[in-house]
Structures are given as structure tokens and as C-alpha cells.
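Only the coordinates and a few stated rules stand behind these numbers; no lab work does. Just so it is clear, the structure is predicted and the values come from calculations on it, not from any experiment. When we count neighbours, we look across all protein chains shown, and the Cβ atoms used for this are built from the backbone with ideal geometry, even at glycine.
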Amino acid sequence: MANSLNKAMLIGHLGDDVKIHYFDKGNCLARFPIATNETFVNKQSGERITNTEWHNVVVRNKLAELCEKYLSKGDRVYVEGRIKTRSYEQDGQKKYSTEIHANEMTFLTTKKDLSVGASPAQQTHQGQAPQHSSTANDEEDDLPF
């Protein structure tokens, strides 16, 4: 059994469209922010308070291409991965960025591939395709898209 565990599981909404970068040999990397919300009632004032936490998500290769194809700002997703902190220099100062490196995702709601002129049968098929839970380790899959 492992002595440690680095695992993050999030359900949230995309805060921006997916940004993808392609590299040599066909590899690619996509990044997008996800917002998660915590809502509670202030006991003293009775006011409902919502706190939003932003998470930077990084996906690679096949999963990155699926995200670019099906996800857009506002879509709801489930992300599973590990937390990774990296450092970089900007204007002579050392800065840090914490990211979720996703290895599994489920597209809970998507707006992107539901074309306006499609018949109801086409919309159902297109709306169901992104529901597939995908992992970064998928080699050959039998996805209909």
C-alpha cells in the first residue's frame, strides 16, 4: 500500500473555453479553469453566502482533444486527477501555480456540439456522446465520435 495519496476530485463549471497547444509528434496539452462553489447561511445575519474557488485544470493528448471538441465556457464537468504545483519566474520574482492534472473526466453538461438546426434525434445522440467517462490512459476506444 502507498504511503501517500495525491488525488483531487472536482465537479464544477468551466470558467473559460479550453485552450489547447499542440507539440511535436502529435502530443497536445489543454488548459481551462473550473469554478467550484460552497454555499452556506450566515447564522448571525441569515444571509446566504456563496464562495467560489477557481482551479486550473491541465489535460493531455486524447483527453485534451476531447475537451477541446466538446467543452465550452459554462459547461459542467467532473474532473479527477492529481494536484501539482509548479514554479516560474516573472519580472524577476518567483511565482507558483497550483494545477489539477486530470487523468479522468466526465462531461456532465455540454452546449458545444448541439447544433441549432439538428433534429431531436440528432440532438439526443450528440448530447449523449460527451457523457462518456474518459481516462488519459485510453489507448483504442470505440467512441462514436
- Distance violations [Cα-Cα > 27 Å] among LYS7/LYS73; LYS19/LYS94; LYS73/LYS94; LYS25/LYS111: LYS73/LYS94; LYS25/LYS111
- Taking only C-alpha positions in the stretch 1-117, Rg and Dmax in angstrom work out to 17.0, 59
- Most packed first (mean Cβ within 10 Å per residue), the peptides 94-107, 12-25, 64-77 order as 64-77, 94-107, 12-25
